[in-house]
Structures are given as C-alpha cells and as structure tokens.
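Q: Can you keep this structure in mind? I'll have questions shortly.
Bear in mind these aren't lab numbers, they're just calculated from the coordinates by the rules spelled out. This one's a predicted model, so the numbers in the text were calculated from it and none came from an experiment. Neighbour counts run over all protein chains shown; Cβ positions are idealised from the backbone, glycine included.
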Amino acid sequence: MLGVYLSGCCLLFGQAPSPTQSDSPETGQVLVKTKRFSVGLRGRGLPLKSFSTMQNRTTLTTTTTPAPVRDWTFTTASHSTSWGIGPAVEYQVTPAWTITAELLYSRLRYTKVTSIYWGTDDSTTTTDERSKMFRTEDTRGVLWDVPLLVHHRGLAASGPLSKVYVAAGASLRTVTNVRSSTLTQGPDNSSSTDKTTTQPSRRNVVGAVVGLGFRIVDDFRINWTPEIRYTRWAGSTFGLDSTMSPRNQLEVGMAFTF
C-alpha cells in the first residue's frame, strides 16, 4: 500500500527556503526573510510484510528433555497495520541541505499458535493418536519510530534531476502498550486463558536509514514529496520462535506540507 505520506519536509532540496516579505520602515524596500524551520505531517506505507513491522512465519523443533519427547510447531500470523503517520520538524540549513526529525506511529498485532505433540502414534492409521496441546497467543502494541535524517539535493543543477534528493540518518524504535492474551487447550479438551504480557526481545532498537525522494512545489506553494526509504534495524523488537520482527524495512509514500 502506498501510504498517504504526510511529512514535514517543507523545503526539501533543490530550492532555497520559501521567503516571506515585509517592508523596511526606513527605506520602504521589500525585505526577504528566509524561513528555516517548518513543521508538518508524514505518512508511510509498508507494502511487504517481510519488510515491515512483523512477518508471517512458521518454525518446527523437537525437545527430548524433560521427557517425554515433544514435537513443537510455532506459527505466527501478522495483523499489524501496513501504514504509519506522525508529525515532523525540519530545519533548512542551506538550499541543498535539510535536517528532519519525525515521530511515527504504527499499530502492531500478531497471533501465534503453538502446537505440542507427544506420545506414540499408530502408523497403521490415518489418525494421530498422540497427546496434543494448543496455545493461541494474541499480542498487540504500539510502535514509535523516531528517524533523524539529513537530506541533500545535488544530483543536478537544473532539470528534473534537480528536484531529486537523497537522505541518510538513523532511527530509534520503541514499543509501548503491549498487551497479550493466551488461550491454552489441553489434551483433555480443557481450556484456560492467561493475560500475562509477552515481553519484547528488545524494547528499544536503533537502525540505519537511507532514502530517495522527489520534491514538487505546486502553484499554492504546497510541497509534495514522493519518497522511498529503507531501514536496517540492529535487532528485532520481537524475536522468539516464529515471532520475528524483520530487521529490514521498506516504506513508500507521499509527503506534503503547507
């Protein structure tokens, strides 16, 4: 999905900061003031689950201790949103260089089913006679990404490439408001529910970010910025069995400021 990308990239590379005008009381001449700071919104879309906040995954394992031997199957399905949105602040250093800071909100949700089998299976039948237990975990939370980027416009002095910019920097991710509910079904068909919260592997993770964008200014001086970004996280927010937050993230979308 292409997120509607609302970002504070007001004066992105390729043009000087938008001027404001006022009259000098002494000379009557028009004075041009450069606007350095700007604020706005940024939205993003995460088109691929394998390059987003959570992915679908299945893992298998067998344990021998404690007895008896058990076969485990872990299956995680992501229900996280494929979009994010948040405010942004920008400082125009020069016409070619810009610094941006953002606070982006995303919803995280996944379900994880754990199947456990033990005992002896009669190979002459089509039914699995082993004892079995199932656990279904539903976990939800909120992800906050705080990217700090330097943007540079310098691919060309004029023409279409003069509107293209590159970006690089770092991002901090933290997870909050984590809630879990786990339903356990025993071999005797009994069931129970546990509200113990699943703990993240890493509550805070840093990542390196690179990006490529294109800046358009319309007749109303509104800035439109299609952009693609790639983030490489230093670790996984969740990283146990089949529940694995991808370390590679790809996002696309559109920004506008006014």
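Q: Restricting to Cα pairs below 8 Å that are 6+ residues apart, what does the relative contact order work out to for the chain? Please round to a whole percent. Let's see the in-between values first.
A: Numbers: 779 pairs, mean separation 59.1, N = 258.
Once normalised by length, the contact order is 23 percent.
Q: Pull up the cross-link candidates among the aspartates and glutamates for Lys49, meaning alpha carbon to alpha carbon under 20 Å and not fewer than 8 places away within one chain.
A: Within reach: Glu137, Asp138, Asp145, Glu227, Asp241, Glu251.
Q: Take the range 145-258, drop everything but the C-alpha atoms, weight them equally and run the Debye formula without solvent; then report log10 I(q)/I(0) at 0.12, 0.16, 0.17 Å⁻¹ to two decimals.
A: Treating every Cα as an identical point scatterer, log10 I(q)/I(0) equals -0.62, -0.86, -0.91.
Q: Ordered by packing density, taken as the mean number of other Cβ atoms within 10 Å over each peptide's residues, highest first, how do 74-87, 205-218, 57-70 rank? Each step should come with its number before you reach the end.
A: Details: 74-87: 19.1, 205-218: 16.9, 57-70: 11.4.
Descending mean neighbour count gives 74-87, 205-218, 57-70.
Q: Follow-up. Give the calculated FRET efficiency between Asp128 and Thr59 to the nearest 0.05, with a Förster radius of 25 Å applied to their Cβ-Cβ distance.
A: On the way: r = 20 Å, r/R0 = 0.79.
The formula returns an efficiency of 0.80 here.
Q: Can you tell me the mean projection area, over all orientations, of the convex hull of the range 76-139's alpha carbons? Units nm², please.
A: Values: hull surface 32.7 nm².
The Cα convex hull of the range 76-139, projected and averaged over all directions, gives 8.2 nm².
Q: Please list the non-local residues whose amide H lies under 5 Å from the amide H of Ala170, H modeled 1.01 Å from N, same-chain partners needing a gap of 5 or more.
A: Amide H neighbours of Ala170: Leu148, Val209.
Q: Let me ask something additional. Per residue of the range 127-135, in order, report the coupling 6.51 cos²θ - 1.76 cosθ + 1.60 (Karplus, θ = phi - 60°) as ³J(HN,Hα) in whole Hz, putting x for Gly and Pro.
A: Once θ is set to phi - 60°, the couplings for the range 127-135 become 9, 8, 7, 5, 5, 8, 9, 10, 10 Hz.
Q: Show me, bin by bin at 10 Å from 0, the whole-percent P(r) of the chain based on Cα pairs.
A: Using 10 Å bins, I get a P(r) of 7, 25, 23, 17, 12, 8, 5, 2, 1, 0, 0 for the chain.
Q: Compactness ratio of the range 178-231: Cα Rg over 2.2 N^0.38 Å, N = residue count? Could you put the intermediate results ahead of the total?
A: On the way: Rg = 23.6 Å, N = 54, 2.2 N^0.38 = 10.0 Å.
Normalised Cα radius of gyration, the range 178-231: 2.35.
Q: Subtract the Cα-Cα distance of Thr193 and Val39 from 0.36 nm times their separation in residues, and report this length gain in nm to one decimal. All intermediate terms of the calculation are to be shown ahead of the outcome.
A: Details: separation 154, 0.36 × 154 = 55.44 nm, distance 4.58 nm.
Gain in length upon complete extension: 50.9 nm.
Q: Using the Karplus equation 6.51 cos²θ - 1.76 cosθ + 1.60 (θ = phi - 60°), what ³J(HN,Hα) coupling, rounded to whole Hz, does each residue of the range 79-91 give in order, writing x for Gly and Pro?
A: 10, 5, 5, 9, 9, x, 7, x, x, 9, 10, 9, 10
Q: On each of the three principal axes of the Cα atoms of the range 141-199, give max minus min coordinate, whole Å, ordered largest first.
A: 74, 19, 12
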